[in-house]
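The structure under discussion appears below in the form of structure tokens.
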Amino acid sequence: LLTRALALHSLLPDAVESREELLVRLRTAAEDAGAMDEELGAIGALLEVIDEARRPLDVAELLVRGTLLRFSAGHEFFSEDTLRRAVTLAENAPDSWQHAYALAELAHVGIWKDDPGAPGWAARALEVALDAGNPRALSYALSANAMAALIGERPAEARSLAARAAALVDEVVPPPDVDVLVHVPGDPERAWKRGSVAPDGLARALGRLWGL
């Protein structure tokens, strides 16, 4: 219904809701349903509607979420250029949760690419996220720092960070109707060489919380 409403919107000059409001509703519905391609479509349309110069934080959040969705849906690996653009946009408000969110995902990619700056980005993301109090930004920042701890050969710290991230996820995500929860890495060959990774620890921690 929302998709049809969007298609008809331009034909209704006196529409109560704006195109952006309909797109936000469509995006939220798609996210709730786990419909990644539909959410990606809504995000792409929102990026065409929103003025980047006036609302850089909104654009930054959409860029990060879109990057995550394209990876999760199997379309492409994380776009470092897109994440750097999101960080640059969010730097207009350095203490915002959007800045923490963008930094956390840039750190995530940087750790996979052995970028020496990645642990610092992760640490800054966690500092900002803790102050901002946004659960999404904080969960991604905790996961990025867990990855940094693993790479830095601090497994106990990594497990603690992953457990904190899992507790945040548990607060907002209902337990799935499954028997087993596992992490499937986007780069299996490299993950095999590196051994345990932070998302695997997050999956294990969630499994314990959910009794799986």
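The values are calculated or read from the model by the stated rules, or taken from the named source; none is laboratory data. Note that this is a predicted model, so its numbers are computed, not measured. Glycine gets a Cβ as well: all are built from the backbone with ideal geometry, and neighbour counts include every protein chain shown.
Taking the residues in the stretch 1-51 that are closer than 25 Å to H75 by Cα and surrounded by fewer than 11 Cβ atoms within 10 Å (Cβ to Cβ) as candidates, determine which candidate is modelled with the highest pLDDT.
The qualifying residue modelled with the highest pLDDT is E48.
Which residue, of G74, G66, G110, is over 24 Å from E21 (Cβ atoms) and out of contact with any Pro (no Cβ under 9 Å at 6 or more places or on another chain)?
Answer to the check: G74.
Can L22 be described as under 23 Å from A93 (Cα atoms) and out of contact with any Lys or Arg (no Cβ under 6 Å at 6 or more places or on another chain)?
no
Residue check: is E171 part of a helix (DSSP H, G or I) and at pLDDT below 95?
Here the answer is yes, as E171 does meet what is asked.
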